[in-house]
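Heads up: the structure comes next, in structure tokens.
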Amino acid sequence: MAQPPKYFMYFPGNYRWSAAFVNMLGRASYGGTDIGELHKIGRALADKNAEDDQAWFDACVAVADEVRSRAERFAASGHAVSAAAFYLRACHYYQMGERFRTPKDKAALAAYRIAVDCFHRFVALGEIKIEVVEVPFEDKSLPGYFVHAQNRRSPRAPCVVFFDGLDVTKEIQYLAGVPDLIKRGISVLVMDGPGTGEAIRFRGLVLRHDYEKAGSACIDFLERREDVDGKKIGIVAISLGGYYAPRCAALEPRFAACIAWGAIWDYHAVWKRRIAAQFKASLSVPGHHIMWILGAATREDALRRLEPFKLDGVVQKMRCPFLVVHGADDEQIPLADAQALYDACGSTDKALRVFTSEEGGAQHCQRDYLTLGCATMWSWFEDKLVHA
């Protein structure tokens, strides 16, 4: 960070921890955190070194264990509503603690399995109708959650496929506004795609450039459901998902609307700069994370595998409505990439929404004003998929 940040840093000079902390704060609006629990994590880390990711893991998991224990006690005494809320937050803390720990060792994978189990218990006890699903994909399957629309206007509701990014998970994505999106009469298929979540940790599905294959698999799955309008399936993806979603919508014509939640234009160029800087750039996870999700042995191998991760020549083929959402002060991906993506898109119905520091939402993927970002995007989906 060459200049002082235009936002409050909970860990001064430590972009990664500060960004993660703000991410967790923002998800309080959707049931992901409690301020008291988050403060407990912060107090445990106040005097720790910026590179001490073991301390980060320990602090998050300690609070997650406490919250899960409370969830279990509520469940045992028959208080499902309370138990569901605590299980959801425990899941979030486990996963946010685990995300910096690469390569994934036994402790990391154990925490992740507990996190997924907590989310499944939230699903079983909670009031929102959610199905744990498997989407057939080549010779394996992709794990996901089908979150049912509320306030639907017909038996077959529109649906949005929600992919993650470089280091996100389907459980963390759920906490990025899904409870608000379903209120608009739109179901959501929240997915771990190749290179993310359970797909990379437990199924060996590494990151790949042809994400339209995963997108098409999701549409095939949704078209077989009697509660989905197959003509009104949209797609959104966050962060690196700003590559996934536009590629899917450009190469899979069955998508009816697309949002790039954080733009990507040339991801190979992004990592070429980051590696040249010895990972000193503003990164949301340790730099070697990219090698792990690509299945690469070296930085050079990772760069080689990233060469096709470019949208020029691809997004020109898009025809469905398209919205690019980006923060003016995004330190991970420059605003110029959002402009390039918007300019190149072949859709005649396209928009670029840039959030400024004055209004909030100017940071990466609107982490500094998550509810405004979600309200903006979900209203757009409502216009394109419900009212259109």
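The values are calculated or read from the model by the stated rules, or taken from the named source; none is laboratory data. Since this is a predicted model, take the numbers as computed values, not measurements. Positions of Cβ are backbone-derived with ideal geometry, glycine not excepted, and every protein chain shown enters the neighbour counts.
Things worth noting here:
- Take the conditions (1) assigned to a helix (DSSP H, G or I); (2) at pLDDT 95 or above; Val236 misses just one of them, which is (1).
- Among (1) on the phi < 0 side of the Ramachandran plot; (2) touching a residue at least 24 places away in the same chain (Cβ under 8 Å), the one test that Gly31 misses: (1)
- Count of residues meeting criterion [closer than 19 Å to Pro158 by Cβ and in a helix (DSSP H, G or I)] in the stretch 350-388: 13
- When residues of the stretch 183-200 are limited to those that are more than 16 Å from Ile259 (Cα to Cα) and out of contact with any Lys or Arg (no Cβ under 6 Å at 6 or more places or on another chain), the one surrounded by the most Cβ atoms within 10 Å (Cβ to Cβ): Gly193
- Summed over the stretch 48-83, residues that are over 23 Å from the mean Cα position of the chain (by Cα) and either among the small types (Gly, Ala, Ser) or not in a helix (DSSP H, G or I) (or both) total 17.
- When residues in the stretch 205-224 are screened for being touching a residue at least 60 places away in the same chain (Cβ under 8 Å) and farther than 20 Å from Lys310 by Cβ, 6 of them pass.
- Residue match in the stretch 99-106 (condition: within 21 Å of Lys183 (Cβ to Cβ), of a type in the set (Val, Ile, Thr) and out of contact with any strand residue (DSSP E or B) (no Cβ under 9 Å at 6 or more places or on another chain)): no
- Pairs where the first residue, in the stretch 85-105, is under 20 Å from Gly295 (Cβ atoms) and the second is acidic (Asp, Glu) and in a helix (DSSP H, G or I), C-beta under 8 Å, 6+ apart: Phe100/Asp53; Arg101/Asp53; Lys104/Glu98
- Taking the criterion of being of a type outside the set (Lys, Arg) and farther than 21 Å from Thr376 by Cα, the residues of the stretch 319-333 that qualify are Glu331, Gln332.
- Selection count, the stretch 344-363, where residues are within 25 Å of Ser284 (Cβ to Cβ) and buried (at least 22 other Cβ atoms within 10 Å of the Cβ): 4
- Checking Cys258 against (1) assigned to a strand (DSSP E or B); (2) touching an Asp or Glu at 6+ places or on another chain (Cβ under 7 Å); (3) closer than 15 Å to Phe162 by Cα, the condition it does not meet: (2)
- Here Gln332 passes the criteria (1) among the polar types (S, T, N, Q); (2) in contact with a Gly (Cβ under 6 Å, 6 or more places away or on another chain); (3) surrounded by 16 or more Cβ atoms within 10 Å (Cβ to Cβ) except the one numbered (2).
- When Phe119, Phe74, Phe57 are checked against the criterion of being surrounded by 21 or more Cβ atoms within 10 Å (Cβ to Cβ) and either closer than 17 Å to Ala20 by Cα or at pLDDT 95 or above (or both), Phe119 stands alone in meeting it.
- In this entry, Phe86 passes the filter for residues that are under 21 Å from Phe21 (Cα atoms), over 19 Å from the mean Cα position of the chain (by Cα) and assigned to a helix (DSSP H, G or I).
- Count - residues of the stretch 93-106 that are assigned to a helix (DSSP H, G or I) and surrounded by 15 or more Cβ atoms within 10 Å (Cβ to Cβ): 6
- Where Glu134 falls short, out of the listed (1) touching a residue at least 12 places away in the same chain (Cβ under 8 Å); (2) farther than 22 Å from Cys320 by Cα: (1)
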